[in-house]
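Below: the structure, in structure tokens.
Derivation of every value follows stated rules applied to the coordinates shown; laboratory data play no part. Remember, predicted model here, so these are calculated numbers, not experimental data. With ideal geometry, Cβ positions are generated from the backbone for all residues, glycine too; neighbour counts draw on all protein chains shown.
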Amino acid sequence: MLKRVDQEIYWRIKQEQEKQRSVINLIASENYVSKAVLQAVGSVMTNKYAEGYPGNRCYGGCQFVDMIEEIAIERARKLFKVEHANVQPHAGSQANMAVYFATLQPGDRILAMNLRAGGHLTHGREANFSGKLYRCFFYNVSRETEKIDYEEVARIARKESPKLIICGASSYPRIIDFAAFARIAQEVGALLMADIAHISGLVATGLHPSPGPWCDFITSTTHKTLRGPRGGMILCRKQYAQAIDSAIFPGLQGGPLLHVIAGKAVAFKEAMSPAFSVYQRQVLNNAFILSKELEKRGYRLVSGGTDNHLFLLDLRKVGLTGLEAEKALERVGIIVNHNPIPYDPLPPSITSGIRLGTAAVTTRGMGENDMVQIAEWIDAALKKREKCQIQQQLSRQIRRFAREFPVQPAD
Ligand SMILES: *Cc1c(COP(=O)(O)O)cnc(C)c1O
């Protein structure tokens, strides 16, 4: 039908689908949803208005969407072992915004991770609402270890007395010690929010410590390691339920995206299955193998390695910028993003590093042997980037390889 109604969009979707099948996707924040999630998100649920919450809507005819949202909430609570869940945030950014609206006044102080050390733009970047509305202070990683220095976090927290401390990041390859953050927050009387956008799949399966016992608020996307539809969620204790719910609606959103909430419910169910634990374990194994294989070939790993699904390569030693590496890899069909490394001397538009993650390739069924092969290809694509013939040969090999691993829908 789409093909008949709108050729322009139809063919571009087809092209995107073909591209997704033909490349090796190492973007750490991306994943591929299941066919079941795709069906839920592409369903008639998109037709329904349901401002409000189950049992208390501004519209009639909500009996079925109420059930779906209730199921999604129940599953989120069970999966993350928390008292309250709000599944309405349109994305991770809105989830964070809602926590700030529920807890802060404009001008209040936030302490978060430095963006160039791995933090997210909603954690206080100047151009973002968070940086405009609040006074933001930042902790960095240690220059020596490139890991969070909890002493340093405590020192800044004592000095600046933030009302909210944020832990969680977009490009931090190490375990985050939520208990250590909780001790600091308690000492200075701050609220604590964990943004687990990247690692929520690992948290759900117990492969990263849970912030549940330690944090007042947990926010996450649902589309990264959790492998659900593009969206956000907020988890918290009962005492904050009312404040969070009203911050989302009527505070900052109108009608919820019920088709996406249906997709979130399906993804939560999938995440409770034993197969999902096996998948997350494989994501970790793949990240470990891929990083080690690249290290063997002369690339420096930021912080010396990884504990999660992603890692950063420092390319200064091999004489490349992050942007150059991203482009060289894209030319042969390997997709990554350029990313600042800690204390990066280059601007964010260029950077000295790239970020690689294994959530997406693992969903497609790639395993340890494939990681060794991919490391070999990355190395060749970067070191022989001037050799046209080798590049063409690599492109063909990578395309043939990638197409053996399906992306849903497989037809
Ligand atoms: C991805 C991400 C978000 C939210 O991103 P959206 O694009 O708004 O869904 C929030 N925080 C962190 C740490 C992230 O990595």
Legend entry - Label-to-label distance, nm, for residues given as Gln105 and Asn47 (7 Å Cα→Cβ offset): 4.7
Legend entry - Amide H partners (placed H, <5 Å) of Ile27, local residues excluded: Gly357
Legend entry - Which listed pairs, of Lys78/Lys163; Lys48/Lys238; Lys132/Lys159; Lys19/Lys327; Lys296/Lys384; Lys296/Lys383, have C-alpha distances above 19 Å, in listed order: Lys78/Lys163; Lys48/Lys238; Lys132/Lys159
Legend entry - For region 258-282 and region 13-39, distance of Cα centres in Å: 16
Inset, instruction - Would you mind giving the average projected area, over all directions, of the Cα convex hull of the chain in nm² with one decimal? - result: 20.4
Inset, instruction - Given the options Leu79, Leu26, Leu115, state which has the largest fluctuation in a GNM of the chain using a 10 Å cut-off (strictly under) for Cα springs. - result: Leu79
Inset, instruction - Under a 10 Å cutoff between Cα atoms, tell me which one of Cys62, Cys167, Cys236 has the largest fluctuation in the Gaussian network model of the chain. - result: Cys62
Inset, instruction - Scan the chain and report its longest stretch carrying no GluC sites (Glu not before Pro) that are both in a DSSP loop and have at most 11 other Cβ atoms within 10 Å. - result: 145-385
Legend entry - Part-to-part distance (alpha-carbon centres) for region 288-325 and region 97-113, which is given in Å: 34
Inset, instruction - Can you list which of the trypsin sites (Lys or Arg not before Pro) found in region 329-402 are DSSP loop residues with at most 12 other C-beta atoms within 10 Å? - result: Lys387
Legend entry - chymotrypsin sites (Phe, Trp or Tyr not before Pro) lying in DSSP loop within region 330-407, provided at most 16 other Cβ fall within 10 Å: Tyr343
Legend entry - Beta bridges by DSSP in the chain, antiparallel share as percent, to the nearest 5: 55
Inset, instruction - Using only the alpha carbon atoms of region 252-307, find the Kirkwood hydrodynamic radius as the inverse mean reciprocal pair distance, in angstroms to one decimal. - result: 14.3
Inset, instruction - Using label points projected 7 Å from each Cα along Cα→Cβ, tell me how many nm separate Ala275 and Glu330, to one decimal. - result: 3.4
Inset, instruction - Would you mind working out the magnitude of the charge dipole of the chain relative to its Cα centre, with +1 at each Lys and Arg C-beta and -1 at each Asp and Glu C-beta, to the nearest 20 Debye? - result: 700
Legend entry - Cα-based shape type of region 316-392, given that a ≥ b ≥ c are square roots of the gyration tensor eigenvalues and the cut on a/c is 1.5: oblate
Legend entry - Percent of alpha-carbon pairs separated by more than 28 Å within region 38-271: 28
Inset, instruction - Would you calculate the separation in nanometres between label points at Tyr150 and Arg316, each defined as 7 Å from the Cα along the Cα-to-beta-carbon direction? - result: 2.8
